[in-house]
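For reference, the structure discussed in these notes is given below.
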Amino acid sequence: MDIIVCLKQTFDTETVIWLNEKGEINDKDVKLIINPYDEFALEEALRVKEKLGGEVTVVSLGGVRTQEALRAALALGADKAMLINCENLTELDEMMAAKILARAINALPFDMIFTGRMAIDSGGAQMAMRLAEEFDLPAVSGITKIELEGRTAVVQHETDEGLETVEVLLPAVFSAQKGLNEPRYPVMAGILKAKKKPLDIIAAEELAAGLPLQSGMKVRGYVAPESRLPGRVLNGSAAEMTAELVRLLREEAKVV
Amino acid sequence: MANRIWVYVEQYKGKIRKVSLELLSKGRQLARANDCELEAVVLGPETAELTATAAAYGAERVLFITDERDFANYTIREYTTLLAQLLQTDKPEALLLGDTARGRDLAARTSQRLGVGLAADCIAIETDPDSFLKFKRPIYGGRLFAWLESANRPLMATARPNSFLLAEPDFTRTASVRKEKVNLAIEAPREVVKFVSKRASKRPELTEADIIVAGGRGMGNADNLHVLEDLADTLGGVAIGASRAVVDSGWRDMEYQVGQTGKTVSPALYIACGISGSIQHLAGMNSSKVIVAINRDPNATILDVADYALVGDLFDIVPKLTAEFQKLFKADN
């Protein structure tokens, strides 16, 4: 079972986000991590490999620092890594990123592609569907369980209606939701081994040859959220506070 | 044909979902400001009720897209084909969908098939002289917003539920009906839904809820959550949410989690009980219109974003709050 894991390097979840004087998002001295949902994707791929054999290849679109994330994935047990260096291509939207990723993946054999449910920075939550579309494959978003029966994957995911169980014929694409598994921690032997594993770097512009890079969504600008006006601290006993709160919710906020 | 804005109408249990009605309300404004027609798009057979409801919220025409087969067995790939084919021949200026589980998947696949961009999870859409429409969406878990535009057509966006004002429906309005048939290539199914375990709770879905009562680590244990259930019931069976601590402790399932790794919600009222207010939790709920925080720690971060802050023991305060609401609603009757 050969598996591709698409992995993104993101800011640490505790990062304070601010805009520099050019109106760009500050990325200096920011701690970078593997997108938390992609850790679930990688873990599941490794578990399948350990059970059924095959290779796990991690693929990432990012800058040179993304090598750290890929090396970490190799230390956890991935066999190969590929960095698509997009430092010279700014403003790739999800659609164009998926096209470039698909061109890279197209050269690799695979039975399954795993991504995280969403990247915590862009919050797009689209990559699994987009890759599936590029390869004309079935896909299921946000899976919390997967069992393989030959060439069929039985997966569970939460939809708006409830918990859905879907049978999917491989090859297929899945995005991993929290709850799918408990990701492992790296061990020293893995870290040492990772140094010898292949990590290929390809320039994104080579893969993007012929693509209409200007299409898709463009960022016109960023704005900080309006800070909430300081609220009111209610005083008194529990009975007094709750009576006052109900009055305010009815008369001032008008929400009940 | 005049320029058109399409709103994809998503149904749930035979009814149009609230977020689709919010989008029709917004779509009507945008269409009027730009001299466009607003067309509601339904993937499925015509019903008079759908047409009447879509018209009441602003659609001038309702487009029903069908084919010969049974819609019950459709997967997202077939829906994508239906939608993409019509988009290619019909060429509307924009297509707006609700950011639901299905809406996001359908939008992503359709946008990829057409090779156009998608502004996902928008919280604002405005008319723009250069790009027709521009889209505001949260990034970094709501700690920043990006304005997006595109030169491609159709412009595609999904809208976060509870972000666009629901118009007062006008049932005296009517809409014309248009029916289109698309021929799908028949292929052996590659994905089959075997089983859906319906949500047991009768409470509304978190992202579409008007009021959410949420609990955090301060609840202490799973059994104590009943005080929130009582409050939520008194408020009319409203939604219950939970912080990550509650879910990680196993007191509630994942579907209740509000925050960066859970659901992002924008209710009219969010009552946070025993939630300290981690940056990840705030990211999931700070677009709520009114926030009430009840916490015994006067330094809890949640109190800083609250419109109304109550410092004290939630097990003392919440039952009294429930009683106060009971008194209020009794007086209303």
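Segment A:193-256: which GluC sites (Glu not before Pro) are DSSP loop and have at most 14 other beta-carbon atoms within 10 angstrom?
A:Glu226, A:Glu252
Tell me, what % of the accessible area of segment B:215-333 is carbon and sulfur with a 1.4 angstrom probe?
Carbon-and-sulfur percentage of accessible area, whole number: 46.
Calculate I(q)/I(0) for segment B:245-285 by the Debye formula, one identical point scatterer on each C-alpha and no solvent, and give its log10 at q = 0.18, 0.20, 0.23 Å⁻¹ to two decimals.
Listed by q, the Debye log ratios stand at -0.47, -0.59, -0.78.
Sort B:Leu30, A:Leu169 by accessible area with a 1.4 Å probe, largest first.
Sorted descending by solvent-accessible area, the residues read A:Leu169, B:Leu30.
Based on DSSP, what percent of beta bridges with both residues in the protein assembly as shown are antiparallel, to the nearest 5?
35 percent
Given the convex hull over the Cα atoms of segment A:186-256, what projected area results after averaging over all orientations, in nm²?
13.7 nm²
Which of the lysines could be linked to A:Lys218 by a straight reach, that is with a Cα gap under 28 Å, when you skip same-chain ones fewer than 8 residues away?
By straight Cα distance, A:Lys218 reaches A:Lys8, A:Lys22, A:Lys28, A:Lys31, A:Lys99, B:Lys26, B:Lys91, B:Lys134, B:Lys136, B:Lys263.
Once fully extended, how much extra length lies between B:Asp233 and B:Lys91, figured as 0.36 nm per residue of separation less the alpha-carbon to alpha-carbon distance?
Fully extending the segment from B:Asp233 to B:Lys91 adds 46.4 nm.
Taking segment A:74-108, which GluC sites (Glu not before Pro) meet the DSSP loop condition and have no more than 15 other C-beta atoms within 10 Å?
A:Glu87, A:Glu91
Mark the label point 7 Å from the Cα of B:Thr174 along Cα→Cβ and return the residues of segment B:6-41 whose backbone N is within less than 20 Å of it.
The answer is B:37-41.
Across the residues of B:204-210, average count of Cβ atoms on other protein chains within 10 Å?
Rounded to a whole number, the mean comes out at 1.
Tell me the per residue accessible area of segment B:182-266 using a 1.4 Å probe; a whole number in Å² is fine.
Using a 1.4 Å probe on heavy atoms only, each residue of segment B:182-266 averages 46 Å².
Rounded to the nearest whole Å³, what is the per residue volume of the convex hull around the Cα atoms of segment B:39-166?
Roughly 126 Å³ of hull volume per residue.
How big is the protein assembly as shown in terms of Cα radius of gyration and Dmax, in angstroms?
Gyration radius and largest Cα-Cα distance of the protein assembly as shown: 24.2, 75 Å.
At 25 °C and 0.890 mPa s, grab the translational diffusion coefficient of segment B:150-223 from Stokes-Einstein with a Kirkwood Rh over Cα pairs, rounded to a whole number in µm² per second.
125 µm²/s
If you average the sequence gap of Cα pairs under 8 Å that are 6 or more apart and divide by the length of segment A:76-131, what percent do you get for the contact order?
Relative contact order, segment A:76-131: 35 percent.
In percent, how large is the relative contact order of segment A:1-73, given Cα pairs closer than 8 Å and 6 or more residues apart?
Numbers: 91 pairs, mean separation 35.4, N = 73.
About 48 percent, as a whole number.
Per the Cauchy relation, a quarter of the hull surface: what is the mean projected area of the convex hull of the alpha carbons in segment B:274-333, in nm²? Each step should come with its number before you reach the end.
Values: hull surface 18.4 nm².
With the hull built on Cα positions only, its mean projection is 4.6 nm².
Counting only residues 5 or more places away or on other chains, whose amide H sits under 5 Å from the amide H of B:Glu37 once H atoms are built in the peptide plane?
Correct list: B:Asn3, B:Arg4, B:Ile5.
Would you give the gap between the C-alpha center of segment A:49-113 and the C-alpha center of segment A:139-214, rounded to a whole Å?
10 Å
Per residue, how much accessible area does segment B:85-142 have with a 1.4 Å probe, in Å²?
28 Å²
Order B:Ser20, B:Ser276 by their accessible area, 1.4 angstrom probe, all chains in place, largest first.
B:Ser276, B:Ser20
Return the FRET efficiency for the residue pair B:Asp253, B:Ala167: r is the Cβ-Cβ distance, R0 is 25 Å, and the value is rounded to the nearest 0.05.
Approximately 0.15, to the nearest 0.05.
Note the direction-averaged projected area, equal to a quarter of the hull surface, for the Cα convex hull of segment A:133-195, in nm².
6.4 nm²
Report Rg(Cα)/(2.2 N^0.38 Å) for segment A:1-140, keeping two decimals.
So the Cα radius of gyration is 1.04 times the expected 2.2 N^0.38 Å.
Given a cut-off of under 8 Å on Cα pairs at least six residues apart, what relative contact order in percent is computed for segment B:1-143?
Once divided by the residue count of segment B:1-143, the mean separation gives 23 percent.
Any idea of the total accessible area buried by the B-A contact, 1.4 Å probe, rounded to 100 Å²? Numbers along the way, then the final one.
Values: alone 16800 and 15350 Å², together 24930 Å².
Counting both chains, the buried surface is close to 7200 Å².
With a length cut of 15 Å (Cα positions projected on each helix's long axis) and a Kyte-Doolittle mean of at least 0.0, go through chain B and give me the DSSP H helices that pass.
Sorted by number, the helices that extend far enough and score high enough are B:314-332.
Can you pull the Rg over Rh of segment B:4-65, Cα-only, Kirkwood?
Ratio of gyration radius to Kirkwood radius: 0.94.
Return the loop-located trypsin sites (Lys or Arg not before Pro) in segment B:131-217 (DSSP other than H, G, I, E, B) with at most 12 other Cβ atoms within 10 Å of their own Cβ; answer none if there are none.
Of the trypsin sites (Lys or Arg not before Pro), the ones in loops of segment B:131-217 whose Cβ has at most 12 other Cβ atoms within 10 Å are B:Lys202.
Three principal axis extents, largest first, for the C-alpha atoms of segment A:53-107, in Å?
35, 24, 15
Place a point 7 Å from the Cα of A:Lys193 along the Cα-to-Cβ direction; which residues of segment A:48-64 have their backbone N under 15 Å from it?
Taking a point 7 Å out along Cα→Cβ of A:Lys193, the residues of segment A:48-64 whose backbone N falls under 15 Å are A:48-58.
How big is segment A:122-256 by Rg and Dmax over its Cα atoms, in Å?
For segment A:122-256, the Cα-based Rg and Dmax read 25.2, 70 Å.
Kindly provide the pair-distance distribution of segment B:182-333 built from C-alpha pairs, with 10 Å bins from 0 and whole-percent values in order of increasing distance.
Taking all Cα pairs of segment B:182-333, the binned fractions are 11, 40, 29, 9, 6, 4, 1 percent.
Could you state the accessible area per residue of chain A in Å², with a 1.4 Å probe and every protein chain left in place?
45 Å²
Full-extension gain between B:Ala331 and B:Ala2, please, as 0.36 nm times their residue separation minus the C-alpha to C-alpha distance.
Working: separation 329, 0.36 × 329 = 118.44 nm, distance 5.27 nm.
My answer for the length gained is 113.2 nm.
Based solely on C-alpha atoms, express the radius of gyration and the Dmax of chain A in angstrom.
Every Cα atom of chain A included, Rg and Dmax give 22.0, 70 Å.
Can you give me the P(r) profile for chain B? Cα pairs, bins 20 angstrom wide beginning at 0, each as a whole percent.
The percentages, shortest bin first, are 29, 52, 19, 0.
Gaussian network model of chain A, Cα springs within a sub-10 Å range: biggest mean-square fluctuation belongs to which of A:Ala69, A:Ala238, A:Ala128?
A:Ala238
Could you tell me the ratio Rg/Rh of segment A:206-247? Both radii from Cα atoms, Rh via Kirkwood. Don't skip to the end; give the middle numbers.
Working: Rg = 25.6 Å, Rh = 16.1 Å.
The Rg/Rh ratio comes out at 1.59.
Could you run the Karplus curve 6.51 cos²θ - 1.76 cosθ + 1.60 with θ = phi - 60° over segment A:133-145 and give me ³J(HN,Hα) per residue in whole Hz, x for Gly and Pro?
With the stated coefficients, segment A:133-145 comes to 5, 4, 9, 6, 10, x, 8, 10, 8, x, 6, 10, 7 Hz.
Mind ranking A:97-106, A:183-192 by how tightly packed they are, going by the mean number of other C-beta atoms within 10 angstrom, highest first?
Averaged packing, sorted descending, gives the order A:97-106, A:183-192.
Cα to Cα, under 17 Å, and not fewer than 8 places away if on the same chain: which lysines meet these conditions relative to A:Lys196?
A:Lys80
Return the lysines within reach of B:Lys327: Cα separation strictly under 22 angstrom, same-chain partners fewer than 8 residues apart disregarded; answer none if there are no such residues.
Candidates past the 8-residue exclusion: A:Lys254.
Rg to Rh for segment B:108-185: what is it, with Cα atoms only and Rh by Kirkwood?
1.06
Would you list the P(r) distribution for segment B:200-282, with all Cα-Cα distances sorted into 10 Å bins from 0 and each bin expressed as a whole %?
P(r) for segment B:200-282, in whole percents per bin: 20, 59, 20, 0.
The values are calculated or read from the model by the stated rules, or taken from the named source; none is laboratory data. Note that the coordinates shown come from a computational prediction; the quantities given were computed from them, not determined experimentally. Note that each Cβ is placed from the backbone with ideal geometry, even for glycine, and that neighbours are counted across all protein chains shown. Ligands, DNA and RNA are stripped out before the accessible areas are found, and what is left, the full protein with its side chains, is counted by its heavy atoms. Shrake-Rupley method; radii C 1.70, N 1.55, O 1.52, S 1.80 Å.
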